[in-house]
Amino acid sequence: MQSKVKPSKSIVLITGATSGIGRATAMRLAKDGYRLIITGRRTVILKKLADYLESKYKTDCLAIPVDVRDYSALKNAFFELPDQWKSIGILVNNAGLAAGLDTVQEGSVDDWNQMIDTNIKGILYMTKIIAPGMIERKKGHIINIGSIAGKEVYPKGAVYCATKNAVEALTLGMRQDFVPYGVKVSSVCPGAVETEFSLVRFKGDQERADKVYNGFVPLDPEDIADVIHFVITRPGHVNIQDVLIMPTAQASATIIHRQ
Ligand code: NDP
Ligand code: 8X3
């Protein structure tokens with residue numbers, strides 16, 4: 001039976017913590033005393049963040065540089081965790097990206113593979129590795145970062161939107177699979193958040209990335225971190241299934257009121 005008591009602070013594993021939403025979530029949760037495992041591919045940035053969080057918030061933080069597309073590397077990293085880090089209570093499947101903005105007829109196969117492998121398979125790999133421990137302990141919470149792009153499809157975004165639609169389906173499927181074990185599953189789905197997202201999408205073209213956020217106030221990654229914090233701090237009997245968070249100036253994937 002689930003408890004009505006607020007959950008105690010468990011170990012939180014955040015993928016893609018070197019930037020944006022993942023980084024802000026690590027900061028928010030470290031401030032609240034959670035022990036963190038943070039991942040990402042950029043080793044130096046990741047380790048710097050872990051050191052910063054440990055010194056500023058006096059909490060334990062383990063940095064694991066790894067690519068979520070590499071299932072063997074993930075298994076090596078997470079099956080060999082030191083004992084004190086094994087009981088992961090919360091998994092935030094955040095690592096993800098859009099690569100390019102193109103029609104299907106003009107899109108790049110490499111971009112498609114990168115998005116599909118990171119945004120879909122990355123979530124599956126991480127969950128397959130981490131969920132069994134939660135199921136065994138009959139306690140845990142998986143938060144998948146979806147998007148408005150998982151609820152709508154916009155021009156030139158077919159493949160990115162398909163991956164985020166897949167995140168919606170995976171969240172619902174995991175919910176069905178894990179419900180007998182008391183493991184919660186939630187999705188947190190933002191509209192436009194100003195992070196490195198557009199810089200990555202446009203492959204380093206800063207001018208093009210800046211234009212995405214021109215003339216309106218986008219969400220900050222901290223806005224999403226606050227929501228994730230809310231979602232994971234509900235009492236045992238409450239599962240927030242899905243949250244859609246938009247900038248006030250954004251009414252849909254394509255309707256943004258710019259001044
Ligand atoms: P950022 O580009 O700022 O951050 C993305 C993070 O994902 C980085 O830490 C990056 O780390 C990590 N990452 C990317 N690819 C991999 C990989 N193969 N293996 C491991 N880590 C990886 O973008 P956001 O913070 O905006 O994006 C976070 C999530 O939010 C994504 O899933 C995105 O789709 C989603 N989202 C973003 C929105 C926005 O408007 N910004 C809106 C809706 C959803 P590193 O490069 O070090 O590996
Ligand atoms: C990111 C938001 O609208 O750029 O998922 O696809 S959008």
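Bear in mind that the values in this text are calculations on the coordinates, not laboratory data. All of these numbers come straight from a predicted model, not from anything done at the bench. Cβ sites come from the backbone with ideal geometry, for glycine too, and all protein chains shown count toward neighbours.
Net charge within 11 Å of Ser19 by Cβ-Cβ distance, Lys/Arg positive one each and Asp/Glu negative one each, not counting Ser19 itself?
Net charge in that neighbourhood comes out at +2.
From least to most packed, judged by other beta carbons within 10 angstrom and beginning with the fewest, Thr118, Thr248, Thr163 follow the order Thr248, Thr118, Thr163.
Taking the chain as a Gaussian network of alpha-carbon nodes connected by springs under 10 Å, the highest mean-square fluctuation of the residues Gly236, Gly215, Gly100 belongs to Gly215.
If each Cα of the chain is one equal point scatterer, what is log10 of I(q)/I(0) from the Debye formula at q = 0.08, 0.10, 0.16 Å⁻¹? Rounded to two decimals, the profile gives -0.30, -0.47, -1.25. Each other residue within a Cβ distance under 11 Å of Thr59 adds +1 if Lys or Arg and -1 if Asp or Glu, for a net charge of +2. Can you give me the angle between helix 158-178 and the longest principal axis of the chain, using Cα atoms only, in degrees from 0 to 90, rounded to the nearest 10? Tilt relative to the chain: about 20 degrees. With neighbour counts taken as other beta-carbon atoms within 10 Å, the residues Leu91, Leu97, Leu13 rank, fewest first, as Leu97, Leu13, Leu91. Taken about its Cα centre, the range 113-259 carries a charge dipole of roughly 480 debye when the Cβ of each Lys and Arg holds +1 and the Cβ of each Asp and Glu holds -1. For the residues Ala95, Ala225, Ala249, a GNM of the chain with alpha-carbon springs under 10 Å puts the largest fluctuation on Ala249.
Close amide-amide hydrogen proximity is noted between Val68 and no other residue 5 or more places distant or on a separate chain, at a cut-off under 5 Å (H modeled in the peptide plane; Pro and chain starts excluded). For the chain, the longest principal axis of the Cα atoms and the long axis of helix 122-137 meet at an angle of about 20 degrees.
For the pair Gln206 and Ala158, label points projected 7 Å from Cα toward Cβ lie 3.4 nm apart. Each Lys or Arg adds one and each Asp or Glu subtracts one; over the other residues with Cβ under 15 Å from the Cβ of Trp112, this totals +1.
Of all beta bridges that DSSP places with both ends in the chain, some 5 percent have antiparallel geometry. Rounded, prolate or oblate, given the Cα gyration tensor of the range 1-82, with a/c below 1.5 counting as rounded? In terms of gyration-tensor shape, oblate. Close amide H pairs (under 5 Å, H built 1.01 Å from N) link Val92 with Leu13, Ile14, Thr15, Ile143, residues at least 5 positions away or on another chain. Between Gly191, Leu74, Ala98, the Cα set farthest toward the positive side of the dipole of the chain (charges on each charged residue's Cβ, about the Cα centre) is that of Leu74. For Lys58, Lys211, the sequence from fewest to most other C-beta atoms within 10 Å is Lys58, Lys211.
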